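No value in this document is a laboratory result; all are computed from the given coordinates. Everything numeric here is computed off the predicted structure, so don't read it as measured data. Cβ: placed from backbone, ideal geometry, glycine included. Neighbour counts: every protein chain shown.
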């Protein structure tokens with residue numbers, strides 16, 4: 001399960017930012033430009049000028065539904081160079097924001113912003129398929145353990161979860177390819193009700209729990225992008241289907257985000273790669289993918305390695 005372990009990636013990436021501020025300084029022009037767009041009550045021409053500075057020639061020219069690709073821009077070059085200087089690796093991200101999430105700050109009438117090819121700097125120890133959201137959620141889980149929420153107040157994780165769960169703000173990895181499982185590490189996933197089990201081994205069948213026996217239908221292996229392959233048939237993977245966890249076809253192209261997962265060693269949760277606040281839950285007879293609840297034992301998953 002080490003190929004999608006987020007905790008080691010978090011610690012190594014934080015070290016990149018604390019040892020030197022090279023990358024942080026390179027982020028300045030991007031953050032300043034976006035701040036000017038969101039908070040500057042100027043004309044459309046003023047906003048367009050700011051966006052040209054941020055996006056370069058890829059700016060779509062609109063000031064209501066803003067779209068641009070940073071690839072090739074001065075900011076892209078500066079961030080990529082800074083990441084290389086600190087010894088990290090660039091993982092391209094896409095950020096989509098709708099106007100509602102800006103609230104009163106949206107004084108210019110923006111309906112949506114979509115930025116592609118944002119070079120996020122991560123430690124080279126991070127496995128392919130891990131990105132900004134994995135780092136964020138893992139960090140929040142650690143903080144929740146260190147600084148528990150005061151009774152009656154919302155935890156840090158839950159506060160951030162509310163922002164992302166309404167679908168108005170999305171941060172995702174743009175690139176990534178999968179493939180057959182790598183290495184020879186196989187494991188079962190144990191919960192308080194038993195191990196995750198593909199009892200009816202057919203595509204579309206629900207994942208349930210059963211006593212951990214080490215049967216093939218309870219054994220899994222992870223590939224480079226966090227797909228969890230069944231050892232009974234490595235062409236079949238765990239898949240999120242709405243609020244359910246099912247057995248599905250693996251997608252080695254990396255385009256089907258519903259087959260991509262991560263594991264957080266800080267709070268022992270198996271989470272959905274697209275939204276790390278959605279985690280496996282064994283409250284009912286079938287395994288579900290539900291909103292994360294701090295300290296909920298029905299969401300605790302422990303790997304058993306073979």
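Measure out, as a whole number of angstrom, how far apart the alpha-carbon centroids of the range 56-87 and the range 266-298 sit.
35
Given an 8 Å cut-off on Cα distances and at least 6 residues of separation, report the relative contact order of the chain as a percent.
Working: 649 pairs, mean separation 53.0, N = 306.
Relative contact order of the chain: 17 percent.
Would you please put 47-55, 219-227, 202-210, 128-136 in order of how densely packed they are, using the mean number of other Cβ atoms within 10 angstrom per residue and starting with the highest?
Put in order of decreasing packing, that is 219-227, 128-136, 47-55, 202-210.
Which order do 240, 213 fall in if you start with the one that has the fewest other Cβ atoms within 10 Å?
So the residues, fewest neighbours to most, are 213, 240.
Identify which of the listed values of semi-axes √(5λ) of the Cα gyration tensor in Å was calculated from the structure shown: (1) 47, 24, 15; (2) 26, 22, 19; (3) 37, 21, 19.
Checking each listed value against the structure points to (3).
Using only DSSP helix segments of four residues or longer, with each worth -39500 (n - 2.57), what per-residue ellipticity at 222 nm results for the chain after dividing by its residue count and rounding to 500?
-8500 deg cm²/dmol
From Cα pairs below 8 angstrom and at least 6 apart in sequence, can you work out the relative contact order of the range 187-305, rounded to a whole percent?
For the range 187-305, the relative contact order is 26 percent.
Sort 186, 259 by Cβ crowding within 10 Å, fewest neighbours at the top.
186, 259
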